1. Which residues, counting only those in segment 254-270, are within 13 Å of Gly203 (Cα to Cα) and either surrounded by 12 or more Cβ atoms within 10 Å (Cβ to Cβ) or without any contact (Cβ under 8 Å) to a residue 12 or more places away in the chain (or both)?
2. Restricting segment 179-204 to residues that are more than 30 Å from Ser271 (Cα to Cα) and among the charged types (D, E, K, R), which is surrounded by the fewest Cβ atoms within 10 Å (Cβ to Cβ)?
3. Out of segment 68-110, which residues are closer than 19 Å to Ile214 by Cα, in contact with a Phe, Trp or Tyr (Cβ under 9 Å, 6 or more places away or on another chain) and surrounded by fewer than 20 Cβ atoms within 10 Å (Cβ to Cβ)?
4. Would you call Phe215 out of contact with any strand residue (DSSP E or B) (no Cβ under 6 Å at 6 or more places or on another chain) and either surrounded by 18 or more Cβ atoms within 10 Å (Cβ to Cβ) or more than 27 Å from Pro96 (Cβ to Cβ) (or both)?
5. Pick out the one residue from Val25, Val104, Val20 that is within 30 Å of Thr262 (Cα to Cα), at pLDDT 55 or above and assigned to a helix (DSSP H, G or I).
6. How about segment 130-164: which of its residues are touching a strand residue (DSSP E or B) at 6+ places or on another chain (Cβ under 9 Å) and part of a helix (DSSP H, G or I)?
7. Any idea which of (1) closer than 29 Å to Ile277 by Cβ; (2) at pLDDT 95 or above; (3) more than 13 Å from the chain's Cα centre (by Cα) is the one Val211 doesn't satisfy?
8. Any residue in segment 209-222 that is within 20 Å of Thr122 (Cβ to Cβ), without any contact (Cβ under 8 Å) to a residue 60 or more places away in the chain and either aromatic (Phe, Trp, Tyr) or in a strand (DSSP E or B) (or both)?
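The values are calculated or read from the model by the stated rules, or taken from the named source; none is laboratory data. These figures come from a predicted structure and were not determined experimentally. Cβ placement follows ideal geometry from the backbone for every residue including glycine, while neighbour counts extend to all protein chains displayed.
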Amino acid sequence: MEYQQVARPPRRRRSKWFVVGVCVVILLIVIGVSVAVALSRRNCADSNDSDLRTVIITKCKTYLAAHEEKSSSNNCEEIWTAFAGAFVGRDPCDVPVEAYDPLVRAVSEKPACNRMLFWSKTKDIVHQFTESKKCLVTLEDTLLGFVMNDLTWCSKNNSNETFTTGCPGWIECEKNPVRSFWNRASAAFAESACGDVTAMLNGSIATPFNVNSIFGSIEVKKFDPSRIRALKVVLVTRGNDTVTCDNSSLQHLREAIDPKLTYSCKEVPRSKILDCISDPEKPCGDCW
């Protein structure tokens, strides 16, 4: 048999098949990435519920370990169940305040008479103070407030999933799950207030008492004159501030509370409070 040379395919045909091969590879990569992303999202959604539950129960147990007197009357699993029941399966913009009623009832906590501290636009310094001094208690120092502080959560209609991202913001819709929780918890905290209560307000803004804030729209309205004797306002000021206790908004505050309550206001430099925070030996009475 004579040797015959096999003819090579034309260059154009080889180029064509090369392009087809590259396209197939790219298509397979795209399909693979799409499937991976879909699975990742599913796994993320599935894990969000587990992660949120773990965070809630862990923070609950941490709080109760530091407050042993409250541990026997509170069950973190029951608190999680009541919490989840408020928003899971609901439209994230349709979680009413009353949905958290069972959660509030699930927590047993005695009010800290004469030690309850309310605040508006003073979050950082308020919590620095209570963390350092322990003589006053904010909502965020209670079991519910501690557990939920700085968390975000939501679900979606007719779903068992929970999410910690992609949830509506505070002002995006009125009945979002986080806003409704804090409104309900704030109402409960104010309803339980007893003895002399303190409010730390911001003297560096034109309107220290804002009727639309949680303090102005919810907490003040829940003050019970049969339980509260007095409201003391600590107006936190800076060097060049011109706002004083004579500010018109503070007069509105005075008019908003029951006339049976004794009202007082004191302007206190922020620097004085910070000095007090940094000195563990200084008693709370000397902080303002």
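1. Cys265, Glu267, Val268, Pro269, Arg270
2. Glu191
3. Val97, Ala99
4. Considered against the rule, which asks whether it is out of contact with any strand residue (DSSP E or B) (no Cβ under 6 Å at 6 or more places or on another chain) and either surrounded by 18 or more Cβ atoms within 10 Å (Cβ to Cβ) or more than 27 Å from Pro96 (Cβ to Cβ) (or both), Phe215 comes out as no.
5. Val104
6. Answer for segment 130-164, where residues must be touching a strand residue (DSSP E or B) at 6+ places or on another chain (Cβ under 9 Å) and part of a helix (DSSP H, G or I): Thr130, Leu139, Asp141.
7. Going through the list (1) closer than 29 Å to Ile277 by Cβ; (2) at pLDDT 95 or above; (3) more than 13 Å from the chain's Cα centre (by Cα), Val211 breaks only (1).
8. Checked segment 209-222: no residue is within 20 Å of Thr122 (Cβ to Cβ), without any contact (Cβ under 8 Å) to a residue 60 or more places away in the chain and either aromatic (Phe, Trp, Tyr) or in a strand (DSSP E or B) (or both).
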